[in-house]
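Structure first, then comments.
Quick note: the coordinates plus some simple rules give every number you see, no bench work behind them. Since we're looking at a predicted model, the values are computed, not measured. As a convention, Cβ positions derive from the backbone with ideal geometry for all residues, glycine included, and neighbour counts pool all protein chains shown.
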Amino acid sequence: MAEPVNLLKLDPSDFKEFLDSFDHVFSDCDGVIWSNGTLPGAGDFFEKIKKHGKSVHYVSNNSLRTRQDYEKRFHSANIENGFDNLTVPSIAIAEYLKSLNFNKKIYCVACPETMRVLERAGFQCFEGPEVGSENYRDYLIYLEDDLDVGAVVFDSDFRVNLPRLYKALTYLKRPEVLFINGATDRHVPFKPGCMVLGTGAFTDLVVDETKRQPVQLGKPGKLFGEFAMKRAGVTDPNRVLFIGDMIKQDVGLGKSTGFKTLLVLTNTSKDEMIANQTLRPDYYAESLGSIVPLL
């Protein structure tokens, strides 16, 4: 497996060759553009990369945020029209269901914003319960099927509990019920240097129990990458540079879709990157801000 190339050590001719190798930039947001606040130089990077003739689009696994929250963060980074050029799992899931002319109920083990996006798209959604009984025998009620349910959607439900998993497993026993997953993140950064268990772990439990693979409409799913390309009007994955901070989600998406990949070391160390024997980025840098002087 080829060693990742440190962009900051390229000479000017090699850096120009790197720039000439792509026409479009797709970038993750959390850990790349902002963390607790805007990361230094991120907005400048995108401004300068556009001056080099590249189109810029954003791809995130985070459906939790509202449009208003995303727009505030893009504005803080001095990025114009960021949300209009953003693809998140909730949007991809809604468009996928529309393409199937889906008209049944959706059981959501998902964040409130994903449910709102699906409901605004005209779908009937329900969730819950919030809390289960202390008596495990009462959990029999969560094993009752509902034949009106035609899809189960997982996407960043930080309120997930055993009753929700029981209901999802019950509906998914029927092979005709769609199993759709958004964010896959098994671990998420809460602050720099602090990774904690993410909601992807619970989807993995359902995969193990049902022996079913979901339609993957979040990173690192190839279908999600292709959906982001379609929204951006991009047809050749070989001319895309994908920027992210996570190996599994971001480098994984790039490799599965055929993009070139750039890893910024905000949430992954160089040692961790080199130690990964199955997924390595093509390029790496400390941060987007560290690349700005080269542009």
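Compute the distance in nm between two label points, each set 7 Å from the Cα along the Cα-to-Cβ direction, one at Ser21 and one at Glu209.
The two pseudo-label positions are separated by 4.4 nm.
Using Cβ contacts closer than 10 Å as the measure, can you line up Thr203, Thr210 from fewest to most?
Details: Thr203 27, Thr210 18.
Arranged by neighbour count, lowest to highest, Thr203, Thr210 become Thr210, Thr203.
I'd like the antiparallel share, as a percent to the nearest 5, of DSSP beta bridges with both residues in segment 105-225.
Values: 4 of 18 bridges.
The antiparallel fraction comes to roughly 20 percent.
Compute the FRET efficiency between Arg174 and Arg239 as 1/(1 + (r/R0)^6), taking r as their Cβ-Cβ distance and R0 = 30 Å, and round to the nearest 0.05.
0.10
If you line up the long axis of helix 89-99 against the longest principal axis of the chain, both from Cα atoms, how many degrees apart are they, to the nearest 10?
It is inclined by approximately 60 degrees.
With angles folded into 0 to 90 degrees, how steeply does helix 162-172 sit against the dominant principal axis of the chain? Use alpha carbons for both and round to 10.
For 162-172 against the chain, the angle is about 90 degrees.
Using 7 Å Cα-to-Cβ label points, what is the His52/Ala2 separation (nm, one decimal)?
1.6
If each residue of separation counts as 0.36 nm, what is the full-extension length gain between Arg186 and Asp69 once their alpha-carbon separation is subtracted? Display every interim value, and only then the final one.
Values: separation 117, 0.36 × 117 = 42.12 nm, distance 2.35 nm.
Extra length from Arg186 to Asp69 when fully extended: 39.8 nm.
For segment 139-164 and segment 49-104, what is the centre-to-centre distance using only Cα atoms, to the nearest Å?
Segment 139-164 and segment 49-104 have Cα centres separated by 27 Å.
Relative to the present Cα-Cα distance, how much length would full extension add between Glu226 and Gln124 at 0.36 nm per residue of separation?
Values: separation 102, 0.36 × 102 = 36.72 nm, distance 2.63 nm.
In short, 34.1 nm is gained.
Could you name the lysines whose alpha carbon sits less than 27 Å from that of Lys9, not counting residues in the same chain fewer than 8 places away?
Lys9 reaches Lys48, Lys50, Lys51, Lys54, Lys248, Lys255, Lys260, Lys270.
Out of all DSSP beta bridges with both ends in the chain, state the antiparallel percent to the nearest 5. All intermediate terms of the calculation are to be shown ahead of the outcome.
Working: 5 of 39 bridges.
The antiparallel proportion sits near 15 percent.
Taking the Cα atoms only, what angle lies between the long axis of helix 42-51 and the longest principal axis of the chain, rounded to 10 degrees?
Its long axis makes an angle of about 60 degrees.
Just to confirm the filter: which trypsin sites (Lys or Arg not before Pro) across segment 126-186 are DSSP coil and have at most 16 other Cβ within 10 angstrom of their Cβ? Walk me through the intermediate numbers first.
Values: sites: Arg137, Arg159, Arg164, Lys167, Lys173, Arg186; in loops: Arg159, Lys173, Arg186.
Here the sparse-neighbourhood loop sites are Arg159, Lys173, Arg186.
Quick check for segment 158-233: number of Lys pairs with alpha-carbon distance under 26 Å, counting only pairs 8 or more apart or on different chains?
The result is 10.
Per 0.36 nm of contour for each residue apart, how much would the distance between Asp11 and Ser290 grow if the chain were fully extended, relative to their Cα-Cα spacing?
On the way: separation 279, 0.36 × 279 = 100.44 nm, distance 1.49 nm.
My answer for the length gained is 98.9 nm.
What's the exposure ranking of Asp271, Asp69, going from fewest to most Cβ atoms within 10 Å?
Working: Asp271 8, Asp69 13.
Ordered by Cβ neighbours within 10 Å, fewest first: Asp271, Asp69.
Could you rank the peptides 211-220, 93-102 by their average count of other C-beta atoms within 10 Å per residue, with the highest value first?
Numbers: 211-220: 19.8, 93-102: 16.4.
Per-residue Cβ counts within 10 Å, averaged per peptide and sorted highest first, yield 211-220, 93-102.
What residues have an amide H closer than 5 Å to that of Val5, excluding those fewer than 5 places away on the same chain, when H is modeled at 1.01 Å from N in the peptide plane?
Tyr283, Tyr284
In whole Å, largest first, what are the principal axis extents of the Cα atoms in the chain?
67, 37, 34
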